Amino acid sequence: MLLSEARGAQSGAGRAPPRGEAFLVDLAGQNAKQSYDQRFASCSLSRRVIEEALQDLLTLPDLPRRIECFDISHIQGAETVASMVVWETAP
C-alpha cells in the first residue's frame with residue numbers, strides 16, 4: 001500500500017497550494033539560495049589554507065587532490081548505516 005493511499009483522498013496530493021502559499025514557497029527558496037551563497041562565498045578564500053594544513057598534517061609531498069572518508073555505524077550489530085564524504089580540490 002502506498003503512503004498516499006493510506007492517507008486517503010483528503011491528502012491534497014496533486015493540488016496547487018492555496019493562494020499566497022506559492023509566493024511563500026518561492027520566497028523560502030530565494031532565502032535558502034541567498035543564505036547558501038553567503039555561507040559558502042568565503043570558503044574559496046580559505047580553501048588553500050585548509051589544503052596546505054592537510055598537507056602539513058598528513059606530511060604529504062603535494063597538496064591533497066582528493067580525500068575520501070567513510071563511516072560505518074550500527075546499533076548493537078543491527079541497523080547498519082554507512083556514509084562517505086569526499087573532499088576534492090578545485091581544478
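The values are calculated or read from the model by the stated rules, or taken from the named source; none is laboratory data. Predicted, not measured: the structure shown is a model, and the values here were computed from it. Quick reminder, even Gly has a Cβ in these numbers, built from the backbone with ideal geometry, and neighbours come from all protein chains shown.
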Seminar exercise, completed: Taking first residues from region 65-79 that are surrounded by 10 or more Cβ atoms within 10 Å (Cβ to Cβ) and second residues anywhere that are of a type in the set (S, T, N, Q), the pairs with Cβ under 8 Å that are 6 or more apart or on different chains are 65/89; 74/80
For this session: Using the structure shown, decide if residue 90 is in contact with a helix residue (DSSP H, G or I) (Cβ under 9 Å, 6 or more places away or on another chain), modelled with pLDDT under 80 and either at negative phi or surrounded by 10 or more Cβ atoms within 10 Å (Cβ to Cβ) (or both).
Result: yes
Exercise. Looking at region 45-63, is at least one residue in contact (Cβ under 8 Å) with a residue 12 or more places away in the chain and part of a strand (DSSP E or B)?
Worked result: no
For this session: Please give the number of the condition residue 11 fails out of (1) touching a Ser or Thr at 6+ places or on another chain (Cβ under 9 Å); (2) modelled with pLDDT of 75 or more.
Result: (2)
